[in-house]
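Take a look at the structure below.
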Amino acid sequence: MRVALGVSGGVAAYKAAELVRRLQQEGIDVQVVMTRSAQEFITPLTFAALTGQKVITELFSGESGGANVESAIEHIAVAQRIDLLVVAPATANVIAKMARGISDDFLTTLYLATTAPVIVAPAMNVNMWEHAATQENIGTLRARGVHVVAPEEGYLACGMTGAGRLAGVDAIAQAVCARLGIEHDLRDETIVVTAGPTCEDLDPVRYLTNRSSGKMGYALAQAAARRGARVILISGPVRLDPPQGVEFVSVRSTEQMHRAVLQHFAGATALIMAAAVADYRPIAPQAAKIKRTGERLTLELESTPDILADAARGKGERIIIGFAAETSDVARHARGKLESKQADLIVANDVTAEGAGFDHDTNVITLYARDGREQAFPRMPKIDAAHRILDQLRALRTPSPQISETQRVR
Ligand code: C5P
């Protein structure tokens, strides 16, 4: 999703920096456009550092002062690229220009050139806000379909008290998300997600592990956080950065993951075990490096604790989702796991299928739910697969009539 954030010249301009961060947490790519007077309050450099993108400040800007063709048509390119334009803070002046169709700088030109939805969050002195001219302009914009995030009442920078203070960053971000169709349907959930492999030491330099990259678990954590859940990501060693907005717990062995999951699941509403947990570990890891002798070496392994099955004991209303990475007879193994692990949903994938399983950016999944629902999906990016899994987590919260029947019997 791409959003242009127009910043105009008011004391509240500094709050736009916080808005950039909030929008980025939703996975939105933000292009900042500043009016000339906005730059009196906050520098373009602040926004450039936050977004990692050039901030647009001029309608015509060339390398050595003179305009070039790219810059002259940039407003059209930006206008076509964006999914939404939000102006925050919007001054009385910018609102007036937008209402009248005056386009004498980049921001107001962008407003005319884009067909994307537009949101304005006004901020100004109370008398300016209440002035008939401003109210008329706001009315004009509203009638045109522009969404206005109304300013709040309170103490204003000018020393007066009244309406005119920029709406809270959360309220503006919410308006943006609503317009973009980004839902916070998981806001009541606290979800523990495990990801990556676990490592079982043989000696100080060698260990047993598997080919898990952590990509599926990280995608789930990212998707759940975007949908408003509190997310605790418990990860084995992987080469990925934790997604923004998740609480991160780093572990190495199955034993550590076991402890972390039981601890965090106690205060959670759901557990998604996407980690490829080692099923066996050396019975006696050596304190010193095992020497090469030239002889045959036999390693004795023992079963690791089944984290999922342990967490499922006494889980109550909490939802547990497990994974079944199989190389054969996928459906039978997945259904079996629903029972043996007391899971509510099993995500099965045939790791031998093309574009599925370890280290791929795509996955081919089939979902088996406890209530009998079964859904097979075509190959898709792991982030999309994550959303389909979370959709099922939602569906499990609203059981079908048939399920409520059995629950009543119980
Ligand atoms: O039994 P299997 O290892 O095939 O089951 C896979 C599922 O169980 C995955 O969700 C995995 O994260 C979880 N698991 C676990 N503890 C283990 C092994 C696997 O929670 N020791």
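The values are calculated or read from the model by the stated rules, or taken from the named source; none is laboratory data. The structure presented is a predicted model; accordingly, all values stated were derived computationally and were not measured. In this analysis, Cβ positions are derived from the backbone assuming ideal geometry, glycine residues included, and neighbour counts consider all displayed protein chains.
Of all residue pairs spaced 6 or more apart or on separate chains, those with beta-carbon atoms under 7 Å, a first member in segment 256-284 that is assigned by TED's automatic domain parsing to the domain that holds Ala224 and a second member that is near the ligand (Cβ under 8 Å from one of its atoms) and at pLDDT below 95 are Ala276/Ala325. Just so you know, in segment 326-359 the residues that are on the phi > 0 side of the Ramachandran plot and in contact with a strand residue (DSSP E or B) (Cβ under 6 Å, 6 or more places away or on another chain) include one that is farthest from the ligand (Cβ to nearest atom), and it is Gly355. On the stretch given as segment 86-131, residues that are small (Gly, Ala, Ser), more than 27 Å from Gln24 (Cβ to Cβ) and in a helix (DSSP H, G or I) total 3. Under the condition of being more than 26 Å from the chain's Cα centre (by Cα) and hydrophobic (A, V, I, L, M, F, W, C), which residue from segment 240-283 is nearest to Leu202 (Cα to Cα)? It comes out as Ile283.
Across segment 280-325, the number of residues qualifying as at positive phi and surrounded by 10 or more Cβ atoms within 10 Å (Cβ to Cβ) comes to 0.
If you check Ala309 against the conditions, is it in a strand (DSSP E or B) and within 13 Å of the ligand (Cβ to nearest atom)? No.
Restricting segment 251-288 to residues that are assigned to a loop (DSSP other than H, G, I, E, B) and polar (S, T, N, Q), the residue that is nearest to the ligand (Cβ to nearest atom) is Ser253. Under the condition of being β-branched (Val, Ile, Thr) and touching a Phe, Trp or Tyr at 6+ places or on another chain (Cβ under 8 Å), which residue from segment 149-198 is farthest from Val86 (Cα to Cα)? Within segment 149-198, the match that is farthest from Val86 (Cα to Cα) is Val192. Tyr207 passes every criterion in (1) touching a Cys at 6+ places or on another chain (Cβ under 9 Å); (2) within 13 Å of the ligand (Cβ to nearest atom) apart from (2).
Filter segment 310-365 down to the residues that are in contact with a helix residue (DSSP H, G or I) (Cβ under 8 Å, 6 or more places away or on another chain), β-branched (Val, Ile, Thr) and closer than 28 Å to Thr398 by Cβ and list them by number. Residues satisfying the conditions are Ile319, Ile320, Ile321, Ile346, Val347, Ile365. When the residues of segment 1-52 are filtered to those that are in a helix (DSSP H, G or I) and of a type in the set (Asp, Glu), the one that is farthest from the chain's Cα centre (by Cα) is Glu40. Among the helices (runs of 4 or more DSSP H) confined to segment 132-250, the ones with at least 1 residues that are surrounded by fewer than 17 Cβ atoms within 10 Å (Cβ to Cβ) are located at 132-143, 169-180.
Here Val330 does not fit the description of being of a type in the set (Val, Ile, Thr) and in contact with a Phe, Trp or Tyr (Cβ under 6 Å, 6 or more places away or on another chain). If the Cβ limit is 6 Å and pairs must be 6+ apart or interchain, which residue in segment 219-236 that is among the β-branched types (Val, Ile, Thr) pairs with which residue that is assigned to a strand (DSSP E or B) and surrounded by fewer than 23 Cβ atoms within 10 Å (Cβ to Cβ)? Cβ pairs passing all conditions: Ile232/Glu247; Ile234/Val249.
I'd like to check something: does segment 153-162 contain any residue that is among the β-branched types (Val, Ile, Thr) and farther than 30 Å from Ala356 by Cβ? The answer is yes; a qualifying residue exists. Of all residues in segment 354-366, those that are without any contact (Cβ under 8 Å) to a residue 24 or more places away in the chain and assigned to a loop (DSSP other than H, G, I, E, B) total 2. Inspection of segment 299-306 identifies at least one residue that is more than 15 Å from the ligand (Cβ to nearest atom), over 28 Å from the mean Cα position of the chain (by Cα) and either in the same structural domain as Val205 (by TED's automatic domain parsing) or of a type outside the set (Ser, Thr, Tyr) (or both).
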